[in-house]
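In what follows, a structure is listed as structure tokens, so that the remarks can point back to it.
The values are calculated or read from the model by the stated rules, or taken from the named source; none is laboratory data. The model shown is predicted, which means the values in this text are computed figures rather than measured ones. Virtual Cβ from ideal backbone geometry, glycine too; neighbours counted across all protein chains shown.
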Amino acid sequence: MEAQVHVVFGPPAAGKTTYARQLAGRLGAVVLDSDELCERLVRAGLELAGLNPDDRDSPAYKNAYRDAVYETLFDVARSNLGHVPVVIAGPFTREGGEAEWPARLAARLGVLPSFHFVWCPAQKRRERVMARGEGRDLPKLADWENYVATCREEPPVFPHQLVVTG
């Protein structure tokens with residue numbers, strides 16, 4: 001079996017998890033979602049450090065967890081590649097602007113992934129964030145306009161499939 005990796009990424013609440021699950025269903029793949037895979041550990045670590053366990057946007061979270069969460073996704077993906085196709089879902093905000101990211105990721109995983117950029121308008125994302133009712137979204141909603149200004153809206157600077165969901 002030829003190894004397959006698909007990276008599904010884009011702004012929060014754009015529909016990444018839904019699309020990743022649909023794609024995985026078509027491919028018979030395992031889904032590795034950044035929120036689902038690491039949520040309990042991140043919450044526990046933030047609480048232990050005396051930080052807000054719902055915060056995913058502060059410099060403290062990004063310094064302590066962002067890269068560790070992503071590296072965990074890649075480790076688990078690599079472990080599964082010999083057995084099943086893998087779909088990785090996460091924001092990968094910074095990486096969308098790095099032309100060399102696909103090559104770095106291919107070297108890390110041993111196969112060049114296919115990239116799927118999931119996007120919808122910010123107002124639709126806000127509606128989805130409100131509807132899902134997750135504690136980790138409360139800081140986003142408390143200051144939505146400033147939060148949205150930090151989200152990457154531009155398509156990736158490398159080849160990808162654009163998936164518009166709203």
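A few points about this structure:
- Looking only at residues in region 30-40 that are touching a residue at least 40 places away in the same chain (Cβ under 8 Å) and of a type outside the set (Asp, Glu), the one that is surrounded by the fewest Cβ atoms within 10 Å (Cβ to Cβ) is Val30.
- Leu27 farther than 19 Å from Arg94 by Cβ, surrounded by 16 or more Cβ atoms within 10 Å (Cβ to Cβ) and in contact with a Pro (Cβ under 6 Å, 6 or more places away or on another chain): no
- Being part of a helix (DSSP H, G or I), touching a helix residue (DSSP H, G or I) at 6+ places or on another chain (Cβ under 6 Å) and either modelled with pLDDT under 90 or β-branched (Val, Ile, Thr) (or both) holds for only one residue in Val69, Val31, Val118, and it is Val69.
- Restricting attention to region 121-142, the residues being of a type outside the set (A, V, I, L, M) and modelled with pLDDT under 90 number 8.
- Residue-level check: of (1) farther than 11 Å from Val5 by Cα; (2) basic (Lys, Arg); (3) surrounded by 16 or more Cβ atoms within 10 Å (Cβ to Cβ); (4) at pLDDT 95 or above, Arg56 misses just (4).
- Qualifying residue in region 62-72 (condition: touching a residue at least 60 places away in the same chain (Cβ under 8 Å), surrounded by 13 or more Cβ atoms within 10 Å (Cβ to Cβ) and either out of contact with any strand residue (DSSP E or B) (no Cβ under 7 Å at 6 or more places or on another chain) or at positive phi (or both)): no
- Matching residues, region 144-164, being part of a loop (DSSP other than H, G, I, E, B), of a type outside the set (Phe, Trp, Tyr) and modelled with pLDDT of 90 or more: Glu154, Pro155, Pro156, Val157, Pro159, His160
- Filter result (aliphatic (A, V, I, L, M), outside any loop (DSSP other than H, G, I, E, B) and free of Cβ contacts under 8 Å to residues at least 12 places away in the same chain) within region 41-57: Leu41, Ala44, Leu48
- Whichever residue in region 146-158 is farther than 22 Å from Pro53 by Cα and exposed (fewer than 11 other Cβ atoms within 10 Å of the Cβ) and, among such residues, is farthest from the chain's Cα centre (by Cα): Ala149
- Checked against (1) in contact with an Asp or Glu (Cβ under 8 Å, 6 or more places away or on another chain); (2) without any contact (Cβ under 8 Å) to a residue 24 or more places away in the chain; (3) of a type in the set (D, E, K, R), Lys140 passes all but a single condition, namely (2).
- Cβ pairs under 8 Å, 6+ apart, first in region 119-134 and farther than 24 Å from Pro53 by Cβ, second in a helix (DSSP H, G or I) and not basic (Lys, Arg): Ala122/Val148
- Residue within region 34-55 that is among the basic types (Lys, Arg) and under 18 Å from Arg128 (Cα atoms) present: no
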